[in-house]
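Below is one structure; the comments refer to it alone.
We did not get these values from a lab; they are worked out from the coordinates using the rules stated. As the structure is a computational prediction, the values presented were derived from the model and not from experiment. Because the Cβ atoms are built from the backbone with ideal geometry, glycine has one as well, and the counts that use them run over all protein chains shown.
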Number of protein chains: 2
Amino acid sequence: MDDLATIPDYGLGWLDASGPSSDIVLSTRVRLARNLQGHAFGPRSRVNDREAVLSLVRSVIEKSSHLSGASLWELAKVSPRTQKILLERRLVSEDLLGGKKGVPPRGAAVLLSTKDPTSVMVNEEDHLRLQSLLSGLRLQDAWGLVDRLEEELGNELPLAYHHEFGFLTSCPTNVGTGLRASVLMHLPGLVLTKEIGQVLKGLNQVGLTFRGLYGEGSEVVGNFFQVSNQTTLGKAEEDLVGHLDQIVRQVIQYEEHARHVLLKEAPAVTEDKIWRAYGLLRYARSLSFEELINLLSGVRLGSSLKLLPNLRVYTLNKIMIYSQTAHLEQAAGRDLPLPECDAHRASFVRRILAREGVVTSDGESSPESP
Amino acid sequence: MDDLATIPDYGLGWLDASGPSSDIVLSTRVRLARNLQGHAFGPRSRVNDREAVLSLVRSVIEKSSHLSGASLWELAKVSPRTQKILLERRLVSEDLLGGKKGVPPRGAAVLLSTKDPTSVMVNEEDHLRLQSLLSGLRLQDAWGLVDRLEEELGNELPLAYHHEFGFLTSCPTNVGTGLRASVLMHLPGLVLTKEIGQVLKGLNQVGLTFRGLYGEGSEVVGNFFQVSNQTTLGKAEEDLVGHLDQIVRQVIQYEEHARHVLLKEAPAVTEDKIWRAYGLLRYARSLSFEELINLLSGVRLGSSLKLLPNLRVYTLNKIMIYSQTAHLEQAAGRDLPLPECDAHRASFVRRILAREGVVTSDGESSPESP
């Protein structure tokens, strides 16, 4: 159960940047909050509720054709490092790992499908949190995946539903559809042209919200924004997803326009910014994760603008995930105290960028000499 | 007279880093201030004094075997760009070019030997300023060169001398020997270990002084310090030079010790600093001269510590001189307004570093692919 190698790519399918607009929209995520009738949920749930829920989920795997082969990871039985890796891949939440206490509560688990990029957190804030994670802007597809998963689970399990409110959830903000759809966007153009404030204000006005890279309450770093719906009640899932999709397409257009403006009005400053970020990533001997993300932002912009022609979005996505602490520790086979971790991160980034081919000083690319 | 190509390397011999300790002591300079009897000097000198002095100097060239072939550049007849190039090579001073007025006064000239790295500024603050410029720490040699030049000139010209004070100069601080010997030192180790304040205080206590890269009143950038004697009176030239030499050797030892401490106690931070500087120089698209000098400081330290093994001190010296504005304009064949000049500087540095061989991400070096 502790061996990540059994499903090494799990949660990493989106890294391949195969989805539409994947230079601007890194990934699409849809999650549904569901609870089971007959078991207390949220803060009122007890150990026996949670264990019963976990048993029910386990029983479904065996019955369902779609979920067959899925693996169920009880987090308390998983090593702390693997817990953190699951967190860094966004397959589990801080809460599911026990929050500040750092010990996963009894019954906390994650169900990982091996057939498609879906998963279910068990006994998080709600009994079940179904989620899908795809590359680029693929809201309909991501919704379709969790919708099918929900149908499958709903066929076997008694989901808590109120004829007036819809699906019942632990937190009232999730009642109704229980749906949160979100896209992780990279918006350096809007930040550099200082239009981002206006755009974010606009999102709020149409019922959307944004957060930083690491979910609720996290700061925005590296010009990465998670944009998602705020309301879950009173609208059909398709409408919520369709609305978000429409607005995100607009934001993509704004971002593309801002990049065009940058290249037209401040090409030298923009290029300089991009190449400096590349130069630091290529040669620094120590990188904090926050600095890395900020530098990746510049390099990602350069890749998207074809100023760093040989650098694939796939590589940049990979760096983002694998340069997180637990992933670096996994690679090193041991814990990495802070200064060492920053050194491993820098070394990893240098190796990846070197493998991608040396981008030479004037922009031509050549393979690294032996 | 305007064609630098006739003596393209003039003033640049020291760049080859052939002198002792040339990774720490970039260059040694000795100058002698002299005036001619029978002509007012300093602020009291008139156009006819200055023109008479210039004529006398011209007449000496023809008579002297040692100076034969030397070229005399009347600065008012030299293009503004060439004037600036001479300044950037430290062959003339701001004052000789007319200071803030920017127009060289009548009679202002520089005599450039083609036989050795000596030159004479004519009609600067004093009638004659004899100087020599050598790579590394070579105070005795540099003194020997100006001493021989002075003898040659003194044989033909009546130098103003007072039996009690010695050689008379425009400014009383130069009276006596008229000698200023200075070495341009790179002291990043002492700066990073924060010992520099103590060392500079020590210099003052033994009658020495320091200035920034660009002479009196200039700020210290890039950890480059010009260390020179303060007094010129009451001691023999050999003693002044010998004293400076002795102290500079001590400072070199302090600097080497500080570098040793850095490598031992903060190797990661030191390496990171060096490689980041290299990464920025290698890829930036715009560099101010001040930023360049600061980054060169890091890279120079790395080269000296063999952390950037393929980077020769010669290359770093060359970058320092040729990335100055007038040199860049000369290469471009036209004036370069500010943002363009910074772009040309960055491009020049990238080209030079690329030619030196790619220093790869992990410190091995390989020649740049075509």
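Per-structure values
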| quantity | calculated |
| --- | --- |
| Fluctuation leader among A:E74, A:E150, A:E290 - chain A, Gaussian network, Cα springs under 10 angstrom | A:E290 |
| Lys/Arg +1, Asp/Glu -1 at C-beta; chain B dipole; positive extreme among B:A258, B:L139, B:G154 | B:A258 |
| Taking B:C341, A:C171 and counting other C-beta atoms within 10 Å, the order from fewest to most | A:C171, B:C341 |
| Mean separation of Cα contacts under 8 Å (6+ apart) over length of chain A, as relative contact order % | 18 percent |
| Charged-residue dipole, Cβ positions (Lys, Arg, Asp, Glu), segment B:13-259 about Cα centre, Debye nearest 20 | 720 debye |
| Simple Cβ-charge dipole of segment B:266-366, Lys/Arg +1 and Asp/Glu -1, about Cα centre, in debye nearest 20 | 240 debye |
| Using alpha-carbon coordinates, inclination of helix A:196-205 to the longest axis of chain A, degrees | 20 degrees |
| Farthest positive-ward along segment B:13-259 dipole, Cα basis, beta-carbon charges - from B:S55, B:S228, B:P80 | B:P80 |
| Selected from A:T193, A:G42, A:F210, residue furthest toward positive end of dipole (segment A:13-259; charges at beta carbon) | A:G42 |
| Chain A - Rg over Rh from alpha carbon coordinates, Kirkwood radius | 0.98 |
| Ellipsoid equivalent to segment B:51-181 - semi-axes via the Cα gyration tensor, in Å | 22, 17, 16 |
| Cβ-vector label at 7 Å, A:G98, separations to other copies in nm | 8.0 |
| Pairwise FRET efficiency - B:Q250 versus B:E156, Cβ, R0 = 35 Å, nearest 0.05 | 0.30 |
| Cα gyration tensor shape of segment B:96-160, rounded if a/c is under 1.5, else prolate or oblate by comparing a/b with b/c | oblate |
| A:R58-B:A268 pseudo-label distance in nm [points 7 Å out on the Cα-to-Cβ vector] | 4.2 nm |
| 0 to 90° range, to nearest 10: angle between helix A:267-283 axis and chain A longest Cα axis | 70 degrees |
| Copy-to-copy label separations for B:E62, where each label sits 7 Å from Cα toward Cβ, in nm and ascending | 11.6 |
| For segment B:13-259: lysine pairs under 21 Å (alpha-carbon distance), excluding those fewer than 8 apart on one chain | 5 |
| Extended-chain gain in nm, criterion 0.36 nm per residue less alpha-carbon gap, B:K115 and B:E340 | 77.3 nm |
| Net charge dipole size for the protein assembly as shown [Lys, Arg +1 and Asp, Glu -1 on Cβ; Debye, nearest 20] | 320 debye |
| Rotation relating B and A, chain A residue nearest the axis via C-beta, angstrom | A:G279, 2 |
| Ascending list, in nanometres, of distances separating the B:K264 label from those of the other copies (7 Å, Cα toward Cβ) | 6.1 |
| Directionally averaged projected area (convex hull, Cα atoms, the protein assembly as shown), nm² | 37.3 nm² |
| Scattering curve values for segment B:266-366, log₁₀ I(q)/I(0), Debye with Cα scatterers, q = 0.10, 0.13, 0.18 Å⁻¹ | -0.26, -0.43, -0.78 |
| Mean-position separation - Cα centroids, segment B:102-118 and segment A:245-274, in angstrom | 53 Å |
| Simple spin-label estimate for B:Q230 and A:A40 in nanometres, 7 Å along Cα-Cβ | 8.2 nm |
| 0 to 90° range, to nearest 10: angle between helix A:47-63 axis and chain A longest Cα axis | 80 degrees |
